[in-house]
Amino acid sequence: MEETQNRLKFEIAQAVLKAGLATEEELPDVVLDQPKDKTHGDYATNIAMQLARIAKMAPRKIAEDIVAQFDETRASIKKMEIAGPGFINFFMDNHYLTNLIPNILKAGETYGKTNTGNGHKIQVEFVSANPTGDLHLGHARGAAVGDALCNILEKAGYDVQREYYINDAGNQMMNLALSVEARYMQALGEEWDMPEDGYHGKDIIELGMEIANKDGDKWVHQSEEARRKFFREYGLSYEVQKLENDLRQFGVTFHNWFSETSLYTENKLKPTLEKLKEKGYIYEKDGATWFRSTDFGDDKDRVLIKQDGSYTYLTPDIAYHKNKLDRGFQTLINIWGADHHGYIPRMKAAIQALGYEANTLEVEIIQMVNLFQDGQKVKMSKRTGKAITLRELMEEVGVDAMRYFFVMRSSDSHLDFDIDVARSQSNENPVYYAQYAHARICTMLKQAQEKGLDVNAQYNASLLITEKEENLLKRLGEFPQVVADAAEKRTPHRITQYIFELASTLHSFYNAEKVLDQDNIERTKARIALMKAVRITLENGLTLIGVSAPEKM
RNA sequence: GUCCCAGUAGCUCAGCAGGAUAGAGCAACAGCCUUCUAAGCUGUGGGUCGCAGGUUCGAAUCCUGCCUGGGACGCCA
């Protein structure tokens with residue numbers, strides 16, 4: 001498929017040169033479309049319009065010259081037409097599709113893999129929620145989108161590393177310690193107020209009880225310092241473990257959990273500040289140390305070291321990003337919640353101040369998730385009265401529905417998540433629609449075997465000539481390009497769209513044609529092979545977004 | 001006040017590194033199961049792509065201004 005397109009593009013370029021319409025330097029990239037309308041052929045190019053200015057001729061005249069010079073014998077062309085303002089439409093003879101099925105069956109789970117990423121080293125940092133409570137739905141969407149994006153990038157040939165940044169060094173750790181302390185004391189029956197900025201999640205209540213049960217009143221008698229140090233460390237490891245467990249259950253794992261504290265223990269901050277100072281982006285004012293981020297288009301300069309001598313959040317963050325770059329990543333992708341978008345200009349400024357291109361850092365903003373049930377907006381959990389957590393929703397609707405819905409829409413638009421739809425086993429639920437297509441194929445393959453048909457038999461793909469079959473073949477052939485495109489544009493939702501389209505094409509075929517037909521064994525064999533190819537492609541697509549492909553439903 | 005994102009069918013959204021008659025799901029209406037799962041299929045109706053200019057052979061897509069909705073603007077993290 002890809003070869004077919006490249007061949008076609010090459011031949012078009014040759015025809016343009018032969019017709020003397022442009023020199024090799026002037027020649028623009030040949031763009032091939034797959035028109036939606038079948039009367040416009042299998043492929044179309046707008047090259048004639050693009051050349052209008054260069055060749056100083058009318059687009060239709062240019063198109064005629066190109067067609068005249070085109071060597072049809074070299075690219076499986078049945079027919080060419082000039083249409084509209086100057087499109088050239090190519091109608092392929094269908095041999096170009098017959099290799100597709102064997103290729104897919106041979107590739108199996110690697111079908112869809114391309115090398116468009118060319119081993120480009122890319123790091124994706126996502127979720128990175130503070131270790132002070134449960135993951136909520138914004139985090140869940142970030143996790144689903146981030147993981148899907150990583151899968152897609154890998155499939156497109158990028159060298160991807162997934163990382164979670166643990167904010168375990170700021171003031172919030174003291175708040176965590178004080179919150180655990182309060183819950184511990186309360187568990188022992190003491191009167192003890194929660195700190196002002198404390199964490200009120202039920203996970204902290206459970207943690208307080210856990211320590212009280214295990215250690216009794218041991219910590220009441222310790223010095224405040226020793227006690228809080230213990231609660232801090234205990235709380236942190238408890239929270240991190242919980243994050244890791246919840247995410248793993250959600251199907252999301254990381255190569256690396258990076259501790260903010262390690263930036264201090266491994267002395268990464270000073271050298272970062274030195275480097276910025278060296279380059280002249282740092283100055284002192286009002287007893288504080290500032291970063292001149294306005295040099296790179298930020299609204300105002302930012303404080304790095306406060307009057308009291310402590311660092312702002314930005315300082316370790318710059319050191320962290322320098323560390324990432326030092327590790328050799330060529331592109332950094334950060335997936336952030338919408339509330340952090342104001343932070344992008346200063347972070348990009350920092351990247352540039354460190355001597356890198358601004359677009360070395362890409363920030364994908366994940367918009368809010370609104371939950372709906374019974375037609376009403378839901379904000380709070382019925383059980384706890386707090387914001388609904390990832391864990392609760394997993395229990396409520398299951399991982400598959402969440403993963404699908406969270407990547408279904410483009411990340412920069414708000415997402416309405418309807419619990420009733422996600423749970424419904426009906427045609428309004430796209431997850432079931434896609435999984436159902438997969439299960440249907442599995443049933444057919446199983447029945448084929450029960451009827452004594454060899455599902456691995458030799459087949460003749462040229463027997464697949466009906467319109468529905470051709471639609472399926474074309475759809476299957478698009479997959480590698482769709483994945484590559486989704487990777488390049490960082491648009492995981494393109495994959496859910498494709499899955500839906502493929503499922504729809506399959507359902508349509510299924511209703512129109514019968515696969516298992518004892519009276520036409522040769523065609524049955526070919527259709528079985530086609531079904532296997534569709535099944536593989538569906539499963540590969542679903543796997544990219546972290547959704548299972550069940551064999552029966 | 002400054003900045004970011006969004007505004008496309010009744011609803012939820014695709015399409016936006018310009019291309020042919022703007023697509024899909026839901027909802028509405030009319031059909032399809034003695035035959036591989038009807039969790040499915042087929043068909044019909046439904047649009048001044050927020051508004052106004054501009055660039056172009058061509059604009060939902062790019063540029064400018066305006067309107068509406070959401071969000072961000074700490075020596076918090």
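Where in segment A:24-120 are there strands (runs of 3 or more DSSP E), lying fully within it, with 2 or more residues that are in contact with a His (Cβ under 9 Å, 6 or more places away or on another chain)?
Details: elements: A:43-45, A:77-83, A:87-92.
Because the criterion is at least 2 residues that are in contact with a His (Cβ under 9 Å, 6 or more places away or on another chain), the strands (runs of 3 or more DSSP E) in segment A:24-120 that meet it are A:77-83, A:87-92.
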Name every residue in segment A:91-108 that is at pLDDT below 90 and either within 13 Å of RNA strand B (Cβ to nearest atom) or exposed (fewer than 14 other Cβ atoms within 10 Å of the Cβ) (or both), in order of residue number. A:F91, A:D93, A:H95
Failed condition for A:K242, given (1) within 12 Å of RNA strand B (Cβ to nearest atom); (2) closer than 30 Å to A:G201 by Cα: (1)
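Quick grid of which residues meet (1) more than 22 Å from A:F479 (Cα to Cα); (2) surrounded by 14 or more Cβ atoms within 10 Å (Cβ to Cβ); (3) within 37 Å of the chain's Cα centre (by Cα):
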{"residue": "A:G20", "(1), (2), (3)": "yes, no, no"}
{"residue": "A:V30", "(1), (2), (3)": "no, yes, yes"}
{"residue": "A:D42", "(1), (2), (3)": "no, yes, yes"}
{"residue": "A:A52", "(1), (2), (3)": "yes, yes, no"}
{"residue": "A:I62", "(1), (2), (3)": "yes, yes, no"}
{"residue": "A:R74", "(1), (2), (3)": "yes, no, no"}
{"residue": "A:P85", "(1), (2), (3)": "yes, no, no"}
Reported set for segment A:260-311 where residues are aromatic (F, W, Y), part of a strand (DSSP E or B) and buried (at least 16 other Cβ atoms within 10 Å of the Cβ) is A:W290, A:F291, A:Y311
If you take the residues of segment A:503-525 that are of a type in the set (D, E, K, R) and in a helix (DSSP H, G or I), which of them is farthest from RNA strand B (Cβ to nearest atom)? A:E522
Would segment A:377-392 turn up any residue that is closer than 22 Å to A:P492 by Cβ, at pLDDT 85 or above and surrounded by fewer than 18 Cβ atoms within 10 Å (Cβ to Cβ)? no
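With respect to A:I528, determine if the residue is closer than 30 Å to A:L247 by Cβ, among the aliphatic types (A, V, I, L, M), modelled with pLDDT of 95 or more and in a helix (DSSP H, G or I). So that I can check it myself, show each step before the final result.
Details: closer than 30 Å to A:L247 by Cβ: no; among the aliphatic types (A, V, I, L, M): yes; modelled with pLDDT of 95 or more: yes; in a helix (DSSP H, G or I): yes.
Taking the combined requirement at face value, the residue does not satisfy it.
Please work out if A:R535 is within 13 Å of RNA strand B (Cβ to nearest atom), among the charged types (D, E, K, R), part of a helix (DSSP H, G or I) and closer than 29 Å to A:G157 by Cα. Outline the logic, then answer.
On the way: within 13 Å of RNA strand B (Cβ to nearest atom): yes; among the charged types (D, E, K, R): yes; part of a helix (DSSP H, G or I): yes; closer than 29 Å to A:G157 by Cα: yes.
Yes; evaluated as a whole, the condition is true for this residue.
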Spans of helices (runs of 4 or more DSSP H) in segment A:165-249 with at least 2 residues over 29 Å from A:W336 (Cα atoms), among the aliphatic types (A, V, I, L, M) and touching a Phe, Trp or Tyr at 6+ places or on another chain (Cβ under 7 Å): A:171-187, A:202-215
Among what's in segment A:373-418 and is basic (K, R) and under 22 Å from A:Y432 (Cβ atoms), pick the residue that is farthest from RNA strand B (Cβ to nearest atom). A:R403
Give the residues of segment A:318-332 that are among the hydrophobic types (A, V, I, L, M, F, W, C) and touching a residue at least 40 places away in the same chain (Cβ under 8 Å), sorted by residue number. A:I318, A:A319, A:F329, A:L332
If we keep just the residues of segment A:450-476 that are within 37 Å of the chain's Cα centre (by Cα) and of a type in the set (G, A, S), which is surrounded by the most Cβ atoms within 10 Å (Cβ to Cβ)? A:A461
Where A:L332 falls short, out of the listed (1) outside any helix (DSSP H, G or I); (2) within 9 Å of RNA strand B (Cβ to nearest atom); (3) of a type in the set (A, V, I, L, M): (2)
Please identify the pairs in which a residue from segment A:2-24 that is among the charged types (D, E, K, R) has its Cβ atom under 6 Å from the Cβ atom of a residue that is surrounded by fewer than 17 Cβ atoms within 10 Å (Cβ to Cβ) and part of a helix (DSSP H, G or I), counting only partners at least 6 apart or on another chain. A:E11/A:R74
Quick one: which residue in A:Q425, A:Q447, A:Q367 is surrounded by 13 or more Cβ atoms within 10 Å (Cβ to Cβ) and within 13 Å of RNA strand B (Cβ to nearest atom)? A:Q367
Tell me yes or no: at least one residue of segment A:459-478 is within 30 Å of A:I366 (Cβ to Cβ), assigned to a helix (DSSP H, G or I), touching a Pro at 6+ places or on another chain (Cβ under 7 Å) and not hydrophobic (A, V, I, L, M, F, W, C). no
Looking at the structure I just gave you, is A:M408 surrounded by 20 or more Cβ atoms within 10 Å (Cβ to Cβ) and without any contact (Cβ under 8 Å) to a residue 40 or more places away in the chain? no
Report, by residue number, each residue of segment A:335-362 that is out of contact with any Ser or Thr (no Cβ under 8 Å at 6 or more places or on another chain), in a helix (DSSP H, G or I) and more than 16 Å from RNA strand B (Cβ to nearest atom). A:Q352
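I'd like to check something: does segment A:518-527 contain any residue that is on the phi > 0 side of the Ramachandran plot and either without any contact (Cβ under 8 Å) to a residue 12 or more places away in the chain or within 14 Å of the chain's Cα centre (by Cα) (or both)? Explain how you work it out, then say what you get.
Filtering segment A:518-527 for residues on the phi > 0 side of the Ramachandran plot gives none.
No; the residues of segment A:518-527 include none that is on the phi > 0 side of the Ramachandran plot and either without any contact (Cβ under 8 Å) to a residue 12 or more places away in the chain or within 14 Å of the chain's Cα centre (by Cα) (or both).
Given A:D420, A:D454, which one is modelled with pLDDT under 85, of a type in the set (D, E, K, R) and closer than 19 Å to A:V515 by Cβ?
Numbers: A:D420 fails: closer than 19 Å to A:V515 by Cβ.
Just one listed residue meets the conditions, A:D454.
The values are calculated or read from the model by the stated rules, or taken from the named source; none is laboratory data. The model shown is predicted, which means the values in this text are computed figures rather than measured ones. When we count neighbours, we look across all protein chains shown, and the Cβ atoms used for this are built from the backbone with ideal geometry, even at glycine.
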